[in-house]
1. Most exposed first by the Cβ proxy, i.e. fewest other Cβ within 10 Å, how do 57, 62 rank?
2. Modelled label-to-label distance, residue 37 and residue 58, 7 Å Cα→beta-carbon offset: nm?
3. So how do 45, 51 line up by other beta-carbon neighbours within 10 Å, fewest first?
4. What does the charge dipole of region 34-78 about its Cα centre add up to, to the nearest 20 debye, if the Cβ of each Lys and Arg holds +1 and the Cβ of each Asp and Glu holds -1?
5. Give the order of 64, 39 when sorted by the count of other beta carbons within 10 angstrom, beginning with the fewest.
Amino acid sequence: MDKYTQIDTPIDPKSRYYDHGGIETLDILKAKLTPEQYEGFLLGCILKYACRANHKDQKARDIEKISFYSTALRREAR
């Protein structure tokens with residue numbers, strides 16, 4: 001697995017959705033966007049999951065996604 005599909009402490013085993021059908025979705029997005037657009041995408045994902053975390057039954061999975069996208073954003077900011 002690459003740095004995008006590896007989650008350090010998975011809470012939900014279903015959360016390996018980042019690599020679906022052999023296609024590394026985030027790598028494709030990163031290739032098609034400018035670095036600024038990609039960072040904006042990651043930040044948007046963080047905000048989306050943070051806003052809905054208390055309103056859905058999948059709170060643990062949303063928190064895991066926030067952590068995943070936060071880690072990816074920190075890597076991009078280097």
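Just so you know, all these numbers are worked out from the coordinates, no wet-lab data involved. The structure displayed is predicted, hence computed values, not measured ones. Here the Cβ is made from the backbone with ideal geometry for all residues, glycine too, and neighbour counts use every protein chain on show.
1. Values: 57 7, 62 21.
With the sparsest Cβ surroundings first, the list reads 57, 62.
2. My value for the distance between the label points is 2.6 nm.
3. Values: 45 18, 51 10.
Lowest count first: 51, 45.
4. Working: 9 positive and 6 negative charges, 31 e Å.
Roughly 160 debye, rounded to the nearest 20.
5. Details: 64 19, 39 15.
The most exposed by this proxy come first: 39, 64.
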